[in-house]
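Presented below is the structure to which this report refers.
Please treat every number below as a calculation from the coordinates, not as lab data. Keep in mind that this is a model prediction, so the values were computed, not measured. Every residue, glycine as well, gets a Cβ built from its backbone with ideal geometry; the counts of neighbours run over all protein chains shown.
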Amino acid sequence: MNFVSQRLGLWLARFLNQPRGHYERFSVLSQAQLDDALIPGDLLLVEGNSRISTAIKYLTQSTWSHVCLFVGKGEDGKGFVIEADLAEGVIRSPVEKYANCNTRICRPVNLTEQDRLATIQYALDREGLRYDTQNIVDLVRYLLPMPPVPTRYRRRLMELGSGDPTMAICSTLIAQAFQSVQYPIIPHEAPEGQRHSLGDYDTALLKPKHYSHFTPRDFDLSPYFEIVKPTIQGDFDYKKIQWVQPDPALGDKNDI
């Protein structure tokens, strides 16, 4: 039965990884700009165009369906990430794999160099692990015709997977890597009775969420990750943008 389950999971992975119809790329970010902006430890959020991406975006009500960790540049000078791929498991991939996708860079703030290296190494040590096929089976259920799922229940639907330590899914791999150095993502606040007064303000003990509860959008929403936009870094000057001159004959259709 285990062999049959693995074969079914692999078939589903290949099916769900197939791209859907039209995909619109909104970003004007070039590959060179992306390469120059990324530093080791950054997260790259991706808006995918596969069937599985559609399910994840629907359930999380988010643009982002995938997250990977930027590791650095190889001997060829090209950047690469570590990620949990649906069909291939935990692998290293070139950043240019997502050149035609809408992406976002999320950067952990004030992460020490020691913890940065430890986070990256944690993810690299899991290279070769299989993707959690139970997660695939769970997600495919939400691609089938079904009544609408109330928003308040969508988060619970994403608490998926078998929990097998030899398997991984994209967001749990990244969550585990950062939690291994106790870097916060979106922690729970401890009960009010556990607040501590520190001068002019109060703080509360924080309780980490279980790694299986994270989705790609959590890294975007996290108050502890900075959103990096390469197009406005450095000496950005909007006055230097060259605009296409409108054709008077087209009237209002110029912006279509």
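Assorted remarks:
- By average C-beta atoms within 10 angstrom, highest first, the peptides 77-90, 235-248: 77-90, 235-248
- Entries in LYS57/LYS97; LYS57/LYS78; LYS78/LYS240; LYS97/LYS240 that, when Cα-Cα distance is taken, lie over 23 Å: LYS57/LYS78; LYS78/LYS240; LYS97/LYS240
- If R0 is 30 Å, the Cβ-Cβ spacing of THR231 and TYR58 corresponds to a FRET efficiency of close to 0.55.
- Charge tally around LYS73: other residues with Cβ under 14 Å, Lys/Arg +1 each, Asp/Glu -1 each, net -4.
- Neighbourhood charge, 13 Å Cβ-Cβ cut-off, centred on ASP36 and excluding it, Lys, Arg +1 and Asp, Glu -1: +1
- Cut-off 20 Å, label 7 Å out along Cα→Cβ of LYS209, residues of region 95-118 by amide N: 104-109
- Residue-span extension gain [GLU96 to ASN110] - 0.36 nm each, minus C-alpha spacing: 2.3 nm
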